[in-house]
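The values are calculated or read from the model by the stated rules, or taken from the named source; none is laboratory data. All values reported here derive from a predicted model rather than from experimental measurement. Reconstructed Cβ throughout: ideal geometry from the backbone, glycine too, with neighbour counts over all protein chains shown. Side chains included, ligands, DNA and RNA excluded: accessible areas come from the protein's heavy atoms. Shrake-Rupley method; radii C 1.70, N 1.55, O 1.52, S 1.80 Å.
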Amino acid sequence: DRHLARACPARRSAPAPNRACLGLPGARTAPVSVRLAPRSAWRDPQRGMSTGAAFAPAAAALIGLWRRRGVPPQQSRGAFHADPLAAQARDGRLPVPPAAALATLAELAKWTSENLPHVTAVGVDTSPYHRAGATAAQDIAFAAATGVEYLRAMTVAGMGIDSAARQIVFRMGLGTHH
């Protein structure tokens, strides 16, 4: 977990329950409220976290929650949906350089693959492009390009291509026009 959790700024007292420090390495971190869904929501891999650029510490918070609740790694189910490129497309920026965000994504995916067999770390979400008016063909193209970029980052980090591919969940935006 030490590789996933990033230290919060020093504080005089412990954080309140349901609070965690979210942020990427190099970004300013601050305590923020975290609303936790019922346990059943974390067992469905199609549901999952939508954390934007703060995926690594949010994943670490969920892993810690599973441990505190006594959920064994073999029974953990969920998806972290780490998708820094969609966060950048949606927000126009990332709190760290894209290369650092991709390295953190790869680190999270590798750790998840090795420790949580029924959890996926990476999501490819086309909704920012869909909301911006992308056509169906553009949605598919953005999804493919993003998936390839994430696969490259994970294989550079030492993951096998099959293991890396199993860490990705694709989510496509749909509307009445496509």
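Data table
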{"quantity": "Unmet criterion (only one of (1) within 19 Å of residue 63 (Cβ to Cβ); (2) open to solvent by 50 Å² or more (accessible area, probe 1.4 Å)) for residue 93", "calculated": "(1)"}
{"quantity": "Test for residue 155: is it surrounded by 22 or more Cβ atoms within 10 Å (Cβ to Cβ), touching a helix residue (DSSP H, G or I) at 6+ places or on another chain (Cβ under 9 Å) and of a type outside the set (Gly, Ala, Ser)", "calculated": "no"}
{"quantity": "Output for the stretch 151-178, where each listed residue is under 14 Å from residue 105 (Cα atoms) and touching a residue at least 60 places away in the same chain (Cβ under 8 Å)", "calculated": "169"}
{"quantity": "Of all residues making up the stretch 134-152, the number that are surrounded by 15 or more Cβ atoms within 10 Å (Cβ to Cβ) and either on the phi > 0 side of the Ramachandran plot or not in a helix (DSSP H, G or I) (or both)", "calculated": "1"}
{"quantity": "Residue 128 vs. criteria out of contact with any strand residue (DSSP E or B) (no Cβ under 6 Å at 6 or more places or on another chain), open to solvent by less than 40 Å² (accessible area, probe 1.4 Å) and modelled with pLDDT under 95", "calculated": "yes"}
{"quantity": "Residue match in the stretch 107-125 (condition: of a type in the set (Gly, Ala, Ser), farther than 14 Å from residue 154 by Cα, within 15 Å of the chain's Cα centre (by Cα) and assigned to a helix (DSSP H, G or I))", "calculated": "no"}
